[in-house]
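Structure record follows, encoded as structure tokens.
The values are calculated or read from the model by the stated rules, or taken from the named source; none is laboratory data. The structure displayed is predicted, hence computed values, not measured ones. Virtual Cβ from ideal backbone geometry, glycine too; neighbours counted across all protein chains shown. The accessibility values were calculated without ligands, DNA or RNA, using every heavy atom of the protein model including side chains. Shrake-Rupley method; radii C 1.70, N 1.55, O 1.52, S 1.80 Å.
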Amino acid sequence: GKTALQSQLALELLENNEDTVVIIQTIDDTRAQFNRRLVVQLARDFAEKIGMDIAKDITLNKIANPLFWQNTYPKENVGLVEVREHGYERLISFIKNGRLYIKDTTHGATLVFLERLVTKVKKDNPNAKVVVILDNFHKTQDFSNLDERSAVKRKSQFLKTNIAQGYGCTVFSTFEYK
């Protein structure tokens, strides 16, 4: 549920704040998986808005392979391809307009990488509000030379001081407790 909460938060911020850029760094999911999660939400919202019955039944699997679902269960999936396309169009527009950045471990799994990305985004958008969403903070690879407790303290301090305070960003982060 952590990632679902963060993806919904990202979309709410984008939909309701024209002056906001959202940076998502996911350590668990791939960028494609996170994109698909956002498309599910965008497609569901669109289907609800126009009163389509399929709205309550849009899932990650259906977004990943809509033709299978529409061909196999045509009555239950009327309009699936159309709402999926709408979801991807909305997602692409946020990205093309420079309002959404989604990065995964192929780009970097460190707070240092995230700080460089925030630096670039702030430079490119000096008047924008920047919101950082970090999914699975505990899996970032910074301070790996320290014991777990010390590493978490240092990562927390870095995130707060260097990114949130240093760039005036709002930061949302998930953490799994053991």
> Which listed residue (Ser173, Ser144, Ile58) has the Cα farthest towards the positive end of the charge dipole for the chain, taking +1 on Lys and Arg C-beta and -1 on Asp and Glu C-beta about the Cα centre?
Replying inline: Ser144
>> Using only DSSP helix segments of four residues or longer, with each worth -39500 (n - 2.57), what per-residue ellipticity at 222 nm results for the chain after dividing by its residue count and rounding to 500?
In response: -15500 deg cm²/dmol
> Quick one: what do you get for the stretch 1-48 if you divide its Cα Rg by 2.2 N^0.38 Å?
Replying inline: 1.14
> Where only protein heavy atoms count, and the probe is 1.4 Å, what is the accessible area per residue for the chain in Å²?
Replying inline: 56 Å²
> Relative to the first principal axis of the alpha-carbon coordinates of the chain, what is the inclination of helix 111-124, with its axis defined by its Cα atoms, in degrees from 0 to 90 and to the nearest 10?
Replying inline: 70 degrees
> Over all distinct Cα pairs, what is the inverse of the mean 1/r for the chain, reported as the Kirkwood hydrodynamic radius in Å?
Replying inline: 17.4 Å
> Tell me, what % of the accessible area of the chain is carbon and sulfur with a 1.4 angstrom probe?
Replying inline: 50 percent
> Taking Lys122 as the anchor, which aspartates and glutamates have their alpha carbon closer than 15 Å to its alpha carbon, excluding any fewer than eight residues away along the same chain?
Replying inline: Asp19
> If packing is taken as the mean number of other Cβ atoms within 10 Å per residue, what is the order of 39-50, 139-150, 4-15, highest first?
Replying inline: 39-50, 4-15, 139-150
> Nearest 20 debye, what's the magnitude of the dipole of the chain about its Cα centre given +1 on Lys and Arg Cβ and -1 on Asp and Glu Cβ?
Replying inline: 540 debye
> Under a GNM of the chain (C-alpha, springs under 10 Å), which listed residue has the highest mean-square fluctuation: Val81, Val118, Val130?
Replying inline: Val81
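Once you've got the Cα coordinates, tell me which of Lys62/Lys139; Lys62/Lys103; Lys103/Lys139; Lys96/Lys129 are over 20 Å apart.
Violating the 20 Å Cα-Cα cut-off are Lys62/Lys139; Lys62/Lys103.
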> Picking from Asn77, Asn125, Val21, whose Cα lies most toward the positive end of the charge dipole for the stretch 1-150 (charges on Cβ: Lys, Arg +1; Asp, Glu -1)?
Replying inline: Asn125
> Does the stretch 82-149 come out rounded, prolate or oblate, given a ≥ b ≥ c as the square roots of the eigenvalues of its C-alpha gyration tensor, rounded meaning a/c under 1.5 and, failing that, prolate meaning a/b above b/c?
Replying inline: oblate
> With θ set to phi - 60° and the Karplus curve 6.51 cos²θ - 1.76 cosθ + 1.60, what are the ³J(HN,Hα) couplings of the stretch 146-156 in order, to the nearest whole Hz, using x for Gly and Pro?
Replying inline: 9, 5, 4, 4, 5, 4, 4, 4, 5, 4, 4
